[in-house]
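As structure tokens, the structure follows; a few thoughts come after it.
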Amino acid sequence: MDIVVKGRKTEVPERFRKHVAEKLKLEKIQKLDGKVISLDVEVSKEPNPRQADRCDRVEITLRSRGPVIRAEAAASDPYAALDLAAEKLEARLRRQHDKRFSRRGARRISAAEVADHVPGVATLNGNGLVPTPEEEPEEAVPTKKIGSLEVQGDGPIVVREKTHVAAPMTLDQALYEMELVGHDFYLFVDSETKEPSVVYRRHAYDYGVIHLRTDTMVTQAHSPDAGGALGG
């Protein structure tokens, strides 16, 4: 497998091509992902003088039998941008490698070990059975506010509210942005329907998409003032 280096509206000097070969070690990459098919490096230049500190952009695209991995960075010169993009690529490759390794290395635990590994699991009584409600001591369950929700006990709900401003985009743009940030899902506003949607990575190395559509009948049925179920 060779590394393909190309420029977009800019010339790529031979010195930079040699630096790419030295920076992106194929042996190291193939050790982290043995199913690599191609590795492309694209260099582009931003002509806007106001962005002189980020005028050179390098995008690395790694294609394998699994999902496409992209790493992009911008800096004041292409060599610095390449170094930053290479670090991002290696970090994402290691994350994918560790994820695969942890799945293969996971072992089954015995019934006696369940209570040590699973918090809140039911314990057995002296007869080796799950105790009935009459056998379990009653305890007061504290209630607390987390964000805008009222939660009993210790959870397991953890609420963190965030609001992002996002421009509508197409499905292809959303897939590209998801691969760019290295996440398994990406929330976006569909430019065609203007509705919130989510793209996500499936186990078979393909993608899925979930669209949300507002339904006034469902909204009325779940409203506190609805006054009962429809058709009742």
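As a calculated quantity, the FRET efficiency between residue 176 and residue 30 at R0 = 30 Å, using C-beta atoms, amounts to about 0.75. For residue 163, the accessible area of its heavy atoms, probed at 1.4 Å with every protein chain present, is near 130 square angstrom. Greater than 31 Å separation of Cα atoms is the criterion. Which listed pairs, 162/194; 99/162; 9/88; 31/162; 6/31; 23/99, meet it? Check vs 31 Å cut-off fails for 31/162. Solvent-accessible surface (1.4 Å probe) assigned to residue 176 amounts to roughly 70 Å².
The values are calculated or read from the model by the stated rules, or taken from the named source; none is laboratory data. Since this is a predicted model, take the numbers as computed values, not measurements. Positions of Cβ are generated from backbone atoms using ideal geometry, with glycine treated the same way; all protein chains shown enter the neighbour counts. Calculation scope for accessible area: heavy atoms of the full protein, side chains included, ligands and nucleic acids excluded. Shrake-Rupley method; radii C 1.70, N 1.55, O 1.52, S 1.80 Å.
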